[in-house]
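Novice: Next up is a structure, given as C-alpha coordinates.
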(Lines give C-alpha, C1' and ligand atoms only; values in the text may rest on other atoms or scores of the structure.)
Protein backbone atom coordinates (compact mmCIF):
# COMPACT_ATOMS: atom_id res chain seq x y z
CA UNK A 1 0.00 0.00 0.00
CA UNK A 2 1.37 3.34 -0.94
CA UNK A 3 0.64 6.38 1.09
CA UNK A 4 1.14 10.03 0.25
CA UNK A 5 3.17 12.03 2.77
CA UNK A 6 1.85 15.50 3.81
CA UNK A 7 8.27 17.99 0.38
CA UNK A 8 24.89 31.68 -12.90
CA UNK A 9 26.72 32.07 -10.38
CA UNK A 10 27.37 35.51 -11.73
CA UNK A 11 30.93 36.38 -12.34
CA UNK A 12 32.56 39.57 -13.59
CA UNK A 13 35.52 39.77 -15.95
CA UNK A 14 38.00 42.50 -15.18
CA UNK A 15 39.84 43.77 -18.23
CA UNK A 16 42.93 45.89 -18.16
CA UNK A 17 42.90 47.98 -21.28
CA UNK A 18 45.70 49.97 -22.74
CA UNK A 19 44.46 52.73 -24.98
CA UNK A 20 45.96 54.18 -28.08
CA UNK A 21 45.58 57.87 -28.56
CA UNK A 22 47.24 60.90 -30.07
CA UNK A 23 49.72 60.98 -27.19
CA UNK A 24 53.02 59.45 -28.31
CA UNK A 25 53.72 58.19 -24.78
CA UNK A 26 52.42 54.69 -24.09
CA UNK A 27 49.42 54.46 -21.80
CA UNK A 28 49.50 51.81 -19.11
CA UNK A 29 46.54 50.08 -17.50
CA UNK A 30 45.70 50.88 -13.88
CA UNK A 31 48.15 48.83 -11.76
CA UNK A 32 45.49 48.29 -9.06
CA UNK A 33 43.25 46.29 -11.38
CA UNK A 34 43.82 42.59 -11.87
CA UNK A 35 43.97 41.53 -15.51
CA UNK A 36 42.21 38.36 -16.52
CA UNK A 37 43.96 35.66 -18.49
CA UNK A 38 40.81 35.25 -20.58
CA UNK A 39 38.07 37.69 -21.46
CA UNK A 40 35.37 35.02 -21.25
CA UNK A 41 34.90 31.55 -19.78
CA UNK A 42 35.57 28.66 -22.11
CA UNK A 43 32.62 27.34 -24.07
CA UNK A 44 32.94 23.92 -22.45
CA UNK A 45 32.83 25.43 -18.94
CA UNK A 46 29.76 27.50 -19.81
CA UNK A 47 27.96 24.47 -21.28
CA UNK A 48 28.83 22.08 -18.44
CA UNK A 49 25.67 20.95 -16.66
CA UNK A 50 25.22 19.75 -13.12
CA UNK A 51 24.46 16.02 -12.84
CA UNK A 52 20.83 16.73 -11.84
CA UNK A 53 20.36 18.81 -15.03
CA UNK A 54 20.94 15.84 -17.35
CA UNK A 55 18.28 13.57 -18.84
CA UNK A 56 20.04 10.39 -17.73
CA UNK A 57 19.44 7.77 -15.03
CA UNK A 58 22.22 9.39 -13.00
CA UNK A 59 20.61 12.78 -13.59
CA UNK A 60 17.24 11.53 -12.33
CA UNK A 61 18.82 10.16 -9.14
CA UNK A 62 20.85 13.35 -8.60
CA UNK A 63 17.70 15.42 -9.15
CA UNK A 64 15.82 13.42 -6.50
CA UNK A 65 18.63 14.13 -4.03
CA UNK A 66 18.55 17.80 -5.02
CA UNK A 67 14.76 17.94 -4.51
CA UNK A 68 15.23 16.58 -0.99
CA UNK A 69 17.90 19.23 -0.39
CA UNK A 70 15.54 21.98 -1.66
CA UNK A 71 12.82 20.59 0.60
CA UNK A 72 15.13 20.66 3.63
CA UNK A 73 16.09 24.25 2.86
CA UNK A 74 12.42 25.22 2.47
CA UNK A 75 11.37 23.72 5.77
CA UNK A 76 14.11 25.50 7.71
CA UNK A 77 13.76 28.88 5.94
CA UNK A 78 10.12 29.06 4.84
CA UNK A 79 11.21 29.85 1.25
CA UNK A 80 9.39 27.40 -1.03
CA UNK A 81 10.04 28.94 -4.47
CA UNK A 82 12.79 26.50 -5.53
CA UNK A 83 10.76 23.55 -4.24
CA UNK A 84 7.73 24.71 -6.25
CA UNK A 85 9.89 25.07 -9.37
CA UNK A 86 11.19 21.50 -8.95
CA UNK A 87 7.67 20.05 -8.54
CA UNK A 88 4.86 19.54 -11.04
CA UNK A 89 1.54 21.17 -10.20
CA UNK A 90 0.05 17.65 -10.28
CA UNK A 91 2.22 16.44 -7.36
CA UNK A 92 -0.28 16.32 -4.48
CA UNK A 93 2.34 15.30 -1.89
CA UNK A 94 4.63 18.11 -3.03
CA UNK A 95 1.73 20.56 -2.66
CA UNK A 96 0.99 19.22 0.82
CA UNK A 97 4.59 19.81 1.90
CA UNK A 98 4.68 23.27 0.32
CA UNK A 99 1.32 24.26 1.85
CA UNK A 100 2.42 23.08 5.30
CA UNK A 101 5.67 25.08 5.10
CA UNK A 102 3.90 28.19 3.76
CA UNK A 103 1.20 27.95 6.45
CA UNK A 104 3.67 27.56 9.32
CA UNK A 105 5.90 30.45 8.26
CA UNK A 106 3.20 32.92 7.15
CA UNK A 107 1.75 32.75 10.66
CA UNK A 108 5.10 33.39 12.37
CA UNK A 109 6.02 29.77 13.06
CA UNK A 110 9.17 27.79 12.40
CA UNK A 111 10.22 24.26 11.53
CA UNK A 112 13.46 23.01 13.04
CA UNK A 113 15.42 19.87 12.31
CA UNK A 114 18.39 18.52 10.45
CA UNK A 115 18.20 18.07 6.68
CA UNK A 116 16.36 15.12 5.21
CA UNK A 117 18.56 12.72 3.22
CA UNK A 118 17.75 10.34 0.38
CA UNK A 119 19.87 7.22 0.78
CA UNK A 120 20.67 4.62 -1.86
CA UNK A 121 18.67 6.12 -4.74
CA UNK A 122 17.96 3.70 -7.58
CA UNK A 123 16.50 4.42 -10.99
CA UNK A 124 13.91 2.32 -12.78
CA UNK A 125 13.10 2.36 -16.48
CA UNK A 126 10.07 4.20 -17.79
CA UNK A 127 6.87 2.21 -17.63
CA UNK A 128 4.64 4.02 -20.03
CA UNK A 129 4.64 7.78 -20.31
CA UNK A 130 7.53 9.14 -22.33
CA UNK A 131 10.03 11.03 -20.19
CA UNK A 132 8.71 9.61 -16.91
CA UNK A 133 10.98 7.59 -14.59
CA UNK A 134 10.92 6.42 -11.00
CA UNK A 135 13.65 6.86 -8.41
CA UNK A 136 13.39 4.85 -5.23
CA UNK A 137 15.36 5.29 -2.06
CA UNK A 138 15.21 5.38 1.69
CA UNK A 139 14.41 8.78 3.15
CA UNK A 140 16.17 9.54 6.39
CA UNK A 141 13.85 11.94 8.20
CA UNK A 142 15.34 13.58 11.30
CA UNK A 143 13.34 14.67 14.32
CA UNK A 144 11.46 17.87 13.49
CA UNK A 145 9.85 20.44 15.70
CA UNK A 146 7.07 22.64 14.36
CA UNK A 147 6.41 25.76 16.36
CA UNK A 148 3.28 27.79 15.63
CA UNK A 149 2.18 30.99 17.26
CA UNK A 150 -0.12 30.30 20.22
CA UNK A 151 0.25 26.51 20.00
CA UNK A 152 2.67 24.28 21.94
CA UNK A 153 5.52 23.01 19.71
CA UNK A 154 5.06 19.53 18.26
CA UNK A 155 8.01 17.22 17.62
CA UNK A 156 7.98 14.27 15.24
CA UNK A 157 10.54 11.54 15.99
CA UNK A 158 13.21 10.58 13.45
CA UNK A 159 12.33 7.86 10.99
CA UNK A 160 13.46 6.11 7.83
CA UNK A 161 10.93 5.42 5.11
CA UNK A 162 11.17 4.07 1.55
CA UNK A 163 10.05 6.65 -1.01
CA UNK A 164 9.29 6.65 -4.70
CA UNK A 165 9.90 9.78 -6.75
CA UNK A 166 8.07 9.75 -10.06
CA UNK A 167 9.91 12.22 -12.24
CA UNK A 168 9.01 13.78 -15.54
CA UNK A 169 11.37 15.49 -17.96
CA UNK A 170 9.68 18.78 -18.92
CA UNK A 171 11.01 22.09 -20.19
CA UNK A 172 14.54 20.64 -20.30
CA UNK A 173 14.55 19.71 -16.59
CA UNK A 174 13.38 17.00 -14.22
CA UNK A 175 10.33 17.71 -12.06
CA UNK A 176 8.63 15.58 -9.40
CA UNK A 177 5.22 14.53 -10.70
CA UNK A 178 4.40 12.22 -7.76
CA UNK A 179 6.04 11.52 -4.43
CA UNK A 180 4.98 8.40 -2.59
CA UNK A 181 5.91 6.81 0.68
CA UNK A 182 6.31 3.13 -0.13
CA UNK A 183 5.18 0.68 2.55
CA UNK A 184 6.63 -2.24 0.51
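Novice: Starting from segment 124-137, keep only residues that are at pLDDT 85 or above, then list their pairs with residues that are part of a loop (DSSP other than H, G, I, E, B) whose Cβ atoms are within a distance under 7 Å, requiring at least 6 positions of separation or different chains.
Specialist: These pairs meet every condition: 133/126.
Novice: Kindly indicate which of 154, 96 is farther than 19 Å from residue 55 by Cβ, more than 15 Å from the chain's Cα centre (by Cα) and loosely packed, with under 12 Cβ neighbours inside 10 Å.
Specialist: 154
The values are calculated or read from the model by the stated rules, or taken from the named source; none is laboratory data. As the structure is a computational prediction, the values presented were derived from the model and not from experiment. Don't worry about glycine lacking a Cβ; one is built from the backbone with ideal geometry, like all the others, and counts go over all protein chains shown.
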